[in-house]
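Working notes for the structure below.
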Amino acid sequence: MRWSVRIAAGAAVVVGVGWLGLRVQPAPFPPYPAPGPQLERVPLPDRLPPPVARYYRAVFGGGAVPLVESAVLTGRGTLRFGPVVLPARYRFTHLAGRGYRHYIEATWFGLPFLKVNEWYLDGHGRMELPFGTAEGPKTSSAANLGMWAEATAFPSVYVTDPRVRWEPIDDTSARLVVPGPDGEQSFAVSFDPATGLIDRMTTMRYRAEGDAAELPWTAQLLGDGRAAATWGDQGQPWLVIRHEEVVLNADVSQYIRARGL
């Protein structure tokens with residue numbers, strides 16, 4: 001009986017220490033070393049659906065938007081694996097509307113123990129995890145959608161890229177149509193009726209290369225640089241991020257094809 005009590009007490013200590021380690025936030029990554037130049041501004045297109053036009057007026061305050069060619073998004077957040085929520089830090093590097101690289105570290109007591117390297121370049125997606133690599137047409141399709149959803153951090157690309165278009169739905173939503181690796185893909189975009197800002201973007205997306213069908217997927221903007229991604233069959237976010245640094249139009253031509261930080 002004493003041994004069972006000791007074992008139970010020891011297990012409780014292990015669980016408690018493990019839980020405590022997941023409560024410690026990692027230090028942020030260092031700033032991206034190459035600052036971006038001053039941004040050129042171009043006119044906002046005419047004939048946008050009303051909620052889209054209102055959104056751009058709310059964000060940029062006038063008839064011009066910045067011309068963004070690249071973006072480096074650095075911040076911290078959480079990754080969910082089943083019931084376990086892991087603190088994480090990340091750097092997302094984008095060639096606006098063309099490709100990206102993700103580097104993510106999940107941490108315990110602030111120390112990295114799980115690293116993710118992911119690329120979507122030249123229409124091909126590849127994700128490297130400690131327990132395997134994912135790539136193929138469904139991975140590429142999902143990566144393209146993720147890339148366009150992340151562009152809410154530099155949303156002028158939705159009106160400056162000639163391959164992208166907005167289609168009306170109603171007074172508080174519109175359809176965003178973007179180029180994909182095998183044709184067009186789209187999001188239903190909902191705008192907050194009070195602020196005019198994007199509230200959420202919803203689409204159908206593959207979760208894994210072996211999936212038989214796409215699943216509902218939502219990216220929700222939470223304010224203050226925060227966003228959450230949720231699969232429709234899970235009901236709670238698997239990823240929550242907060243951008244702490246956004247660098248626009250820096251030279252990322254070599255960095256986007258690298259690995260790690």
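Applying the selection to region 157-188, what residues are farther than 21 Å from GLU214 by Cβ and modelled with pLDDT under 95?
none
Has region 74-93 got any residue that is modelled with pLDDT of 95 or more, among the basic types (Lys, Arg) and outside any strand (DSSP E or B)?
No; the residues of region 74-93 include none that is modelled with pLDDT of 95 or more, among the basic types (Lys, Arg) and outside any strand (DSSP E or B).
Residue under question is PRO162, and the condition is that it be surrounded by fewer than 19 Cβ atoms within 10 Å (Cβ to Cβ), under 28 Å from ASP192 (Cα atoms) and without any contact (Cβ under 8 Å) to a residue 12 or more places away in the chain; does it hold?
Against the criterion (surrounded by fewer than 19 Cβ atoms within 10 Å (Cβ to Cβ), under 28 Å from ASP192 (Cα atoms) and without any contact (Cβ under 8 Å) to a residue 12 or more places away in the chain), PRO162 qualifies.
Give region 227-239 a look and list any residue that's free of Cβ contacts under 8 Å to residues at least 60 places away in the same chain and closer than 23 Å to PRO181 by Cβ, or say none.
Of everything in region 227-239, those that are free of Cβ contacts under 8 Å to residues at least 60 places away in the same chain and closer than 23 Å to PRO181 by Cβ turn out to be TRP231, GLY232.
What number of residues within region 94-143 satisfy the criterion of being under 18 Å from LEU239 (Cβ atoms), outside any helix (DSSP H, G or I) and polar (S, T, N, Q)?
Number of matching residues: 2.
Within region 108-129, can one find any residue that is among the hydroxyl-bearing types (Ser, Thr, Tyr) and farther than 21 Å from TYR158 by Cα?
no
State which residue pairs qualify: first residue small (Gly, Ala, Ser) and inside region 171-183, second residue part of a strand (DSSP E or B) and crowded, with 17+ Cβ neighbours inside 10 Å in any location, beta carbons under 8 Å apart, and separation of 6 or more residues or different chains.
Sorted first by the residue in region 171-183, then by its partner, the pairs are SER173/VAL189; SER173/SER190; SER173/PHE191; ALA174/TRP166; ALA174/VAL189; ALA174/PHE191.
Among (1) touching a Ser or Thr at 6+ places or on another chain (Cβ under 8 Å); (2) farther than 27 Å from LYS138 by Cα; (3) in contact (Cβ under 8 Å) with a residue 40 or more places away in the chain, which single condition is PRO193 missing?
(3)
Just give me the residues in region 226-244 being within 11 Å of the chain's Cα centre (by Cα) and over 17 Å from VAL189 (Cβ atoms), in sequence order.
Within region 226-244, ARG226, LEU239, VAL240, ILE241, ARG242, HIS243 qualify.
State the number of residues belonging to region 196-226 that are in contact (Cβ under 8 Å) with a residue 40 or more places away in the chain and touching an Asp or Glu at 6+ places or on another chain (Cβ under 9 Å).
The qualifying residues number 9.
Based on this model, can you work out whether SER173 counts as surrounded by 15 or more Cβ atoms within 10 Å (Cβ to Cβ), polar (S, T, N, Q) and over 22 Å from GLY77 (Cα atoms)?
Taking the combined requirement at face value, the residue satisfies it.
The values are calculated or read from the model by the stated rules, or taken from the named source; none is laboratory data. It should be emphasised that the depicted structure is a prediction, and the values quoted were computed from it without experimental measurement. All Cβ positions, glycine included, derive from the backbone under ideal geometry; neighbour counts span all protein chains shown.
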